[in-house]
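The values are calculated or read from the model by the stated rules, or taken from the named source; none is laboratory data. Just so it is clear, the structure is predicted and the values come from calculations on it, not from any experiment. Accessible surface areas use protein heavy atoms only, side chains included; no ligands, DNA or RNA. Shrake-Rupley method; radii C 1.70, N 1.55, O 1.52, S 1.80 Å.
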Amino acid sequence: AVAQVSSGFDNGIIAHEYAHGISGRLIGGPNTNCVGQNEEQMGEGWSDIFTLMLTVAPGDLGSDGRGIGNYVEGLDEDGRGIRRQLYSTDMAVNTQTFKDIKATTAPHPLGEVWVDMLWDLHWKYIDKYGWSEDWTDTTSGNFLAGQLIIDGMKMMGCDVGFVPGRDALLAADMANTNGENQCLIWEIFARRGLGWFADGGSTNNRDDG
């Protein structure tokens, strides 16, 4: 039998669940319930990206494979965890693109694809602005990527999907930097199928994009 362990000792799980409170309170305005009600909602993705960003250690690379829930699954740090693929900026390690939300039936596989894009974005910001272990360093790439994600949430309405989610992050960059990173953001999303011509169809149907 597999020994049962407490998820309270898994920093990734704590960050993931706490982040549900962040996305639930920011998206669509305060005191609303605007995440998780539609087919293309990215709630689990918003939570995974916080887990990934907050557990980066000195020496880590975007191309590394990162799992979620490895501790509670009894896996080592290189294990896949409870997601379909490891999170990585290396598309030979993580092959998922926007089309991979199709035929998914649960929120976690849907959210994975959103995280793939945000994780790429996070590391591209680090490439440009650097990484700092000190989260009070507001000039670091990891801080700026986190700020963009938080501010993007604030610019979303209720029940958004991937395309309006992308557009909210672009709008946040316009508000924060007058568009300094527009090209960078477009390139990151386009790399995984959410570029200029992406059409998500109805946010109530994850199969019609």
Relative to the compact-globule scaling 2.2 N^0.38 Å, provide the ratio for the alpha-carbon radius of gyration of the range 1-127. 1.06
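Cα-Cα pairs above 17 Å in the range 141-189: how many percent? Intermediate results must be reported in sequence, preceding the final value.
Working: 299 of 1176 pairs.
That tail contains 25 percent of the Cα-Cα pairs.
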Using a 1.4 angstrom probe on the protein heavy atoms only, line up 123, 196, 186 by accessible area, largest first. 196, 186, 123
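Consider all pairwise Cα distances in the range 91-209 and report the whole-number % of them above 19 Å.
Looking at the range 91-209, the distances longer than 19 Å represent 47 percent of pairs.
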Scan around residue 42 for amide H atoms under 5 Å from its own, H built in the peptide plane at 1.01 Å from N, and keep only partners 5 or more places away or cross-chain. 36
